[in-house]
Amino acid sequence: MRTIRLVSALRVFLSLLLVQSPWQSSPAVVDAAGGGTWEVVVENAGIASMHTAVTHYGNVVLLDRTNIGPSQLPLPKGVCRNNLLDRVSTHDCTAHSAVYTPGTNNIRPLFIFTDTWCSSGQFRADGTLVQTGGDADGNSKIRTFSPCSSSGSCNWVETKTPLQLGRWYATNQQLPDGTEIVVGGRSAFTVEFVPADGRGQYNLPLLTATNDAQNDNYYPFVHLLPNNLLYIFANRDSILYNWQTHTTVSNFPTIPGEPRNYPSAGSSVMLPLTASSGWTYAEILICGGSQFGAYLNPSRQLPASQTCGRILPLATNPAWVMENMPIRRNMGDMILLPTRQVLIINGAENGSQGWGFATNAVLNPVLYNPGFAAGTRFQTLTATTIPRVYHSTANLLADGRILVAGSNTHQFYTFTQPFPTELRIEAFSPPYLSVGARPAIATAPAALGYNKGFTVKVTFAGVLNGVIELNLLSAPFVTHSYAQGQRLLQLAVSAPGKVSGGKYTIKSTSPPSATIAPASYYMLFAVANGIPSVAAWVHIS
Ligand SMILES: *[C@@H]1O[C@H](CO)[C@@H](O)[C@H](O)[C@H]1NC(C)=O
């Protein structure tokens, strides 16, 4: 026992020594020119997606709520929802979920019975999307979606096992043991696990402590750190949490500025974990939010937060380092790009989350380079023409584009200006897609265990500058401007052995453990000169 304690104390000590930015030696490549391009890929998806997730078939699950009356996407002939508990329409022959296929842009309606409004989810190790909670009859439901190719007919399954507590506005995070933790929700100051595996619900004092007059603790930000503890942030406070002993390990300083969670609507990512740090370096970035009171007094349209904060949760004395975004923003989605940059997209400059509670949509995404010197990290990108405010989403596709869906700041489907219910789907191509020839993955393993050597063959027509990076990205469950379960793993790579012409062979090693990479399907991107390939899906387990 004693030896184990000493060894783990030594480990913690060693990991603290290693807390220094792994990006300084290899900063992300600057985008040569331009600010990216927008295209409308679907003129009318029929539904406004409030929750969106990319499956390992490359197609995308769109999920709205059910009790909003008819959508514009009919269910297949003869299929209707006859749900006597639906508050709006007990007989509804339209879909509230769908599968979108990038490329063909096809939309296939899915059938979902109980209400999924403001729910949460995560992909399981086998690639099944496990979605939990919602409103009304869906409040304690667990539903699964086992994805299939775009010619398949897979659909939602409502499981018989309920959540232990009804949850609305919770956050899920996949864990190294193959289950997912479900954190919080409206008036739900506990965590639980799906599947529970004999575990109960456990109080989370952080949620009680951060439950202010406008409940700024919905959709907490949850990140699985490389030492197997969870970083959990709600309102303006955060903790280290041991999910195995159900205890709070330590408290972090309060972030300066505005509240950051629903309804104040900031967002958060864990910056890339890196093999070069021995998988010990972790840094959290939180951006945007709304002033306290913006939700309580929406008519005031208070200006949104302009700040981001960075913190090293594994450092000896963690402290927030603040910086300013070029544009104020609430409801911004933060998306980790294959190039290790962060895209902040969607949202508004005034107000807060809530129906009709925001104005002054932010149409320009901004790009954040975590490895650059403070003051030089942001780049403002090309604006869209379509506001994406409350209930909109953004997801990285395997082809490197960002799929932008939803926006519905009304209770029902309402097509009045300035923010009509938005049924168009857009794709944003970041600047990296217009700077030159892209690398392509010729061969990569389809499945990998932990800590396994492997080889990837890449073709690249350009003049290679430095190494070809191999970066793994999880496919998160995105809702309410937060991507649940999002993580980027920058693998170790050999110097690219050039075979002939533009053919390169790169040797790498898979992530060391399920703590670094919970078993799942990941998108493997090869990145040459700051330009990503199309990803290959790799199953890590
Ligand atoms: C909206 O926010 C901007 C700052 O981004 C501020 O100048 C403006 O006064 C705000 N609008 C209102 C109505 O307060």
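The values are calculated or read from the model by the stated rules, or taken from the named source; none is laboratory data. Note that the structure is a prediction, hence the values are computed from the model and not measured. When we count neighbours, we look across all protein chains shown, and the Cβ atoms used for this are built from the backbone with ideal geometry, even at glycine. Quick note on the areas: whole protein, heavy atoms, side chains included, nothing else; ligands and nucleic acids left out. Shrake-Rupley method; radii C 1.70, N 1.55, O 1.52, S 1.80 Å.
The number of residues in region 35-82 that are farther than 20 Å from Ser150 by Cβ, in contact (Cβ under 8 Å) with a residue 12 or more places away in the chain and of a type in the set (Gly, Ala, Ser) comes to 5.
Within region 475-497, the set of residues being closer than 21 Å to Ala442 by Cα and either assigned to a strand (DSSP E or B) or of a type in the set (Ser, Thr, Tyr) (or both) comprises Leu489, Gln490, Val493, Ser494, Gly497.
For region 160-181, residues that are among the hydrophobic types (A, V, I, L, M, F, W, C) and within 15 Å of the chain's Cα centre (by Cα) total 1. When region 514-541 is filtered for residues that are under 25 Å from Thr128 (Cα atoms) and open to solvent by 40 Å² or more (accessible area, probe 1.4 Å), the ones remaining, listed by number, are Tyr521, Val534, Trp537, Ser541. Looking across region 347-378 at every residue that is farther than 21 Å from Pro303 by Cα and open to solvent by 50 Å² or more (accessible area, probe 1.4 Å), the one that is farthest from the ligand (Cβ to nearest atom) is identified as Ala373. Listed by position, the strands (runs of 3 or more DSSP E) inside region 113-162 whose residues that are open to solvent by less than 10 Å² (accessible area, probe 1.4 Å) number at least 2 are 120-123, 129-132, 142-145.
In region 379-392, the count of residues that are within 16 Å of the ligand (Cβ to nearest atom), farther than 26 Å from Ile311 by Cβ, of a type outside the set (A, V, I, L, M) and surrounded by fewer than 24 Cβ atoms within 10 Å (Cβ to Cβ) is one or more.
Residues are listed down the side, and each one gets a yes or a no for (1) basic (Lys, Arg); (2) open to solvent by 20 Å² or more (accessible area, probe 1.4 Å); (3) without any contact (Cβ under 8 Å) to a residue 40 or more places away in the chain:
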{"residue": "Asn228", "(1), (2), (3)": "no, yes, no"}
{"residue": "Ile239", "(1), (2), (3)": "no, no, yes"}
{"residue": "Gly257", "(1), (2), (3)": "no, yes, no"}
{"residue": "Ser277", "(1), (2), (3)": "no, no, no"}
{"residue": "Ala294", "(1), (2), (3)": "no, no, no"}
{"residue": "Pro298", "(1), (2), (3)": "no, yes, no"}
{"residue": "Gln306", "(1), (2), (3)": "no, yes, yes"}
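Report yes if some residue within region 81-93 is closer than 26 Å to Ser520 by Cα and open to solvent by 10 Å² or more (accessible area, probe 1.4 Å); otherwise report no. For region 81-93, residues closer than 26 Å to Ser520 by Cα and open to solvent by 10 Å² or more (accessible area, probe 1.4 Å): absent.
The strands (runs of 3 or more DSSP E) falling completely within region 352-392 that include 2 or more residues that are touching a residue at least 24 places away in the same chain (Cβ under 8 Å) and more than 20 Å from the chain's Cα centre (by Cα) map to 358-361, 378-380. For Ala526, state whether it is modelled with pLDDT of 95 or more, in a strand (DSSP E or B) and among the small types (Gly, Ala, Ser). Criteria met by Ala526. Residues of region 181-198 that are closer than 23 Å to Ser513 by Cα and either open to solvent by 10 Å² or more (accessible area, probe 1.4 Å) or touching a residue at least 60 places away in the same chain (Cβ under 8 Å) (or both): Ile181, Val182, Val194, Pro195, Ala196, Asp197.
Restricting to region 47-63, give me the number of residues that are within 17 Å of the chain's Cα centre (by Cα) and in a loop (DSSP other than H, G, I, E, B). Of the residues in that region, 6 qualify. Test Asp216 against the criterion of being among the acidic types (Asp, Glu), open to solvent by 20 Å² or more (accessible area, probe 1.4 Å) and either at pLDDT 95 or above or not assigned by TED's automatic domain parsing to the domain that holds Phe477 (or both), and give yes or no. No.
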